Amino acid sequence: MHCTFQRSRCVLFDHCAECQRCCHIEAGYPPLEITLTQKEQKKLGSVCIEQQCTHLGPSGCTMGDDKPFGCKLYPLSYNPKNKSFYFDADCPLMDAYIGELKASDSDASVHLHSAQQVIFQLEKTDPQFLKNNHAVDEAYFDLRKIPSRSTSKKQTKKSAQKATT
């Protein structure tokens, strides 16, 4: 998830190119089939990580803007049942990410807000993706609920509507 939503702001996520933990599967674990939206399935077919993602380069993901939304969303997971966000506790950025959510212009806040906008659209166009993605995340990651933000659902929906007009 290196600089996936706003290229000019990458300080927090610069660590991802070094860590690359999310792009590797530890020995003994089954391959990770990346959940794809309907649109991504048509374009990419499938993306599966057996040991190391084939799209991983020395500086991070080589897919650029074509990276699947499930990868862009990481280290977050969205549960559509309770409309809550979770964080992979194994990601070394967890504490910094959660701490940054207090500042509305931080990398973490920008990432979360951008994810919320995409999720708002996917709730209408591809709700099955959201269910499947969270189920895969629950199976593979140690998910911890992130604290609620002060951003209300109305504000998030307004922002998402502005982004689509």
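The numbers here are math on the coordinates, done by the rules we state, and not lab data. As the structure is a computational prediction, the values presented were derived from the model and not from experiment. Don't worry about glycine lacking a Cβ; one is built from the backbone with ideal geometry, like all the others, and counts go over all protein chains shown.
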Report summary line: Simple SL model, points at 7 angstrom along Cα→Cβ for D95 and Q128; separation in nm is 4.2 nm
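Explain nothing, just the number: relative contact order of segment 22-164, from Cα pairs under 8 Å at least 6 residues apart, as a whole percent.
25 percent
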Query raised in the report: Using the alpha carbon gyration tensor of segment 22-164, what are the three equivalent-ellipsoid semi-axes (square root of 5 times each eigenvalue), largest first, in whole Å?
Result: 24, 18, 15
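Could you list, in their original order, any pairs among K43/K131; K43/K145; K42/K102; K42/K81; K43/K102 whose Cα atoms are separated by more than 29 Å?
Values: K43/K131 20 Å; K43/K145 32 Å; K42/K102 38 Å; K42/K81 26 Å; K43/K102 37 Å.
As for pairs spanning more than 29 Å Cα to Cα, those are K43/K145; K42/K102; K43/K102.
Find out how many positive minus negative residues lie around K43, taking Lys and Arg as positive, Asp and Glu as negative, among other residues whose Cβ is under 12 Å from that of K43. Walk me through the intermediate numbers first.
Values: positive: K39, K42, K67; negative: E40, D65, D66.
So the surrounding residues net to 0.
Residue separation times 0.36 nm, minus the C-alpha to C-alpha distance between K102 and K43: what's the value?
Values: separation 59, 0.36 × 59 = 21.24 nm, distance 3.66 nm.
Full-extension gain reported as 17.6 nm.
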